[in-house]
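Reviewing the structure listed below.
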Amino acid sequence: MIEFLFDYGLFAAKFGTITVLIVIVIGVIAASTKRGANEEGLAVEHLNKRLEALGDAVRRSVHGKEQLKKASKERKKEKKELSKKGSQRQRIYVIDFKGDIRATATSSLREEVSAILSVAESDDQVLVRLENPGGTVHEHGLAASQLLRIRSKGIPLTVSVDKVAASGGYLMACVASRIIAAPFAIIGSIGVIAQLPNFHRFLENKGVDFEQITAGRHKRTLTMFGKNTDEDRDKLKEEIEDVHELFKAQIASYRPQIDVEGVSTGEHWYGTRALELGLIDEICTSDDFLSEAASDADLYGITFKRKKSLPERLLGGAESFLAR
């Protein structure tokens with residue numbers, strides 16, 4: 001009986017391994033054969049047309065074709081009148097930034113910002129729909145610097161937070177001319193954290209020595225494998241406090257109305273509370289902002305699609321297949 005169970009377990013393991021490999025291969029093939037899956041470049045979408053198409057779809061069902069034709073004629077008439085007057089509507093450029101620990105979307109953000117700045121005029125606007133729970137300091141600092149390029153050109157910058165802008169996410173958001181957020185969006189977490197496990201005692205018990213040679217007293221502070229000292233901990237604490245001070249200084253520079261010390265405790269707040277604290281300027285979703293702006297402005301979605309490396313494509317194809 002034991003022999004049977006062992007053979008059966010071995011067979012199940014082999015079958016499972018083969019199945020996973022087949023899934024990965026199918027995912028790779030699907031990703032490779034998908035047209036345009038790895039094309040790099042800038043895409044521009046006229047968002048007014050999308051909003052109009054959505055409205056027309058409902059209008060056709062509710063009011064019929066005649067009402068749809070009437071609405072279409074009115075839009076054409078308005079555009080014709082503007083063209084005769086030689087006037088041009090304001091343009092609002094829309095960027096989406098979805099953050100992760102390393103703020104990997106920054107590489108696309110810099111291209112999107114560069115593209116906008118090459119054509120934007122002083123009476124145009126930029127809206128960044130930001131979703132970012134934070135992560136590494138230097139990566140998010142660079143992302144914030146990309147947004148500062150917009151402000152330095154005198155172009156109004158609005159950051160919209162529908163879900164979360166915390167820690168490094170708020171480091172980015174605070175540089176905006178205006179911040180809007182949904183009522184239950186998570187805002188804040190103005191603090192810095194560093195943590196790592198230490199395996200020194202485990203390795204010592206197993207008779208494993210860990211050697212680390214450095215030049216410079218503070219080249220390395222806390223370590224995962226060596227013995228940490230109080231001096232190491234104090235030095236890392238000092239470095240973290242310094243980063244925190246830089247974070248607070250950036251907030252104070254761009255949002256002087258905030259009681260920086262009061263909000264820099266590492267806590268986060270929901271949109272309505274964040275408004276009371278001055279962390280945001282208005283309770284409003286990005287959808288409300290764009291719907292209202294569409295009547296007077298031309299909205300353009302700007303997206304730079306980055307070329308993915310071969311490992312990213314292989315893993316992405318497998319993940320997509322498994323998800324389906």
Scanning segment 44-63 for residues that are out of contact with any Gly (no Cβ under 6 Å at 6 or more places or on another chain) and hydrophobic (A, V, I, L, M, F, W, C), which turns out surrounded by the most Cβ atoms within 10 Å (Cβ to Cβ)?
Leu51
Please go through segment 104-122 and pick out each residue that is surrounded by fewer than 17 Cβ atoms within 10 Å (Cβ to Cβ) and of a type in the set (S, T, N, Q).
Thr104, Ser107, Ser114, Ser118, Ser122
Scan segment 162-173 and tell me whether some residue there is in contact (Cβ under 8 Å) with a residue 24 or more places away in the chain, in contact with a Pro (Cβ under 6 Å, 6 or more places away or on another chain) and farther than 30 Å from Asp123 by Cβ.
yes
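Conditions tested, residue by residue: (1) surrounded by 14 or more Cβ atoms within 10 Å (Cβ to Cβ); (2) polar (S, T, N, Q); (3) in contact with a helix residue (DSSP H, G or I) (Cβ under 9 Å, 6 or more places away or on another chain); (4) within 22 Å of Ala182 (Cβ to Cβ).
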| residue | (1), (2), (3), (4) |
| --- | --- |
| Ser253 | no, yes, no, no |
| Gln257 | no, yes, no, yes |
| Gly271 | yes, no, no, yes |
| Leu275 | yes, no, no, yes |
| Glu292 | no, no, no, yes |
| Lys305 | yes, no, yes, no |
Selection from segment 123-141 of residues that are surrounded by fewer than 23 Cβ atoms within 10 Å (Cβ to Cβ), assigned to a strand (DSSP E or B) and over 11 Å from the mean Cα position of the chain (by Cα)
Gln125
Those residues of segment 111-122 which are farther than 22 Å from Glu40 by Cα and either assigned to a helix (DSSP H, G or I) or of a type in the set (D, E, K, R) (or both), in sequence order:
Glu121
Can you tell me which residues in segment 242-288 are outside any helix (DSSP H, G or I) and charged (D, E, K, R)?
Arg255, Asp259, Glu267, Asp281, Glu282
When only residues in segment 255-308 that are among the polar types (S, T, N, Q) and out of contact with any His (no Cβ under 9 Å at 6 or more places or on another chain) count, which is farthest from Cys174 (Cα to Cα)?
Ser295
Any residue in segment 142-157 that is in contact with a strand residue (DSSP E or B) (Cβ under 8 Å, 6 or more places away or on another chain), part of a strand (DSSP E or B) and of a type outside the set (A, V, I, L, M)?
no
Here the residues within segment 199-241 that are closer than 30 Å to Thr265 by Cα and either among the small types (Gly, Ala, Ser) or part of a helix (DSSP H, G or I) (or both) are Asp230, Glu231, Asp232, Arg233, Asp234, Lys235, Leu236, Lys237, Glu238, Glu239, Ile240, Glu241
Candidates Lys206, Lys248 - the one that is basic (Lys, Arg) and over 26 Å from Gly141 (Cα atoms)
Lys206
Pick from segment 57-105, criterion polar (S, T, N, Q) and at pLDDT 75 or above, ranking: farthest from Glu131 (Cα to Cα)
Ser61
Number of positions in segment 278-310 that are of a type in the set (A, V, I, L, M, F, W, C) and touching a Leu at 6+ places or on another chain (Cβ under 8 Å)
8
Within the group Arg233, Arg220, which residue is out of contact with any Leu (no Cβ under 9 Å at 6 or more places or on another chain) and surrounded by fewer than 16 Cβ atoms within 10 Å (Cβ to Cβ)?
Arg220
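The values are calculated or read from the model by the stated rules, or taken from the named source; none is laboratory data. The model shown is predicted, which means the values in this text are computed figures rather than measured ones. Here Cβ is always computed from backbone atoms with ideal geometry, including for glycine, and neighbour counts include all displayed protein chains.
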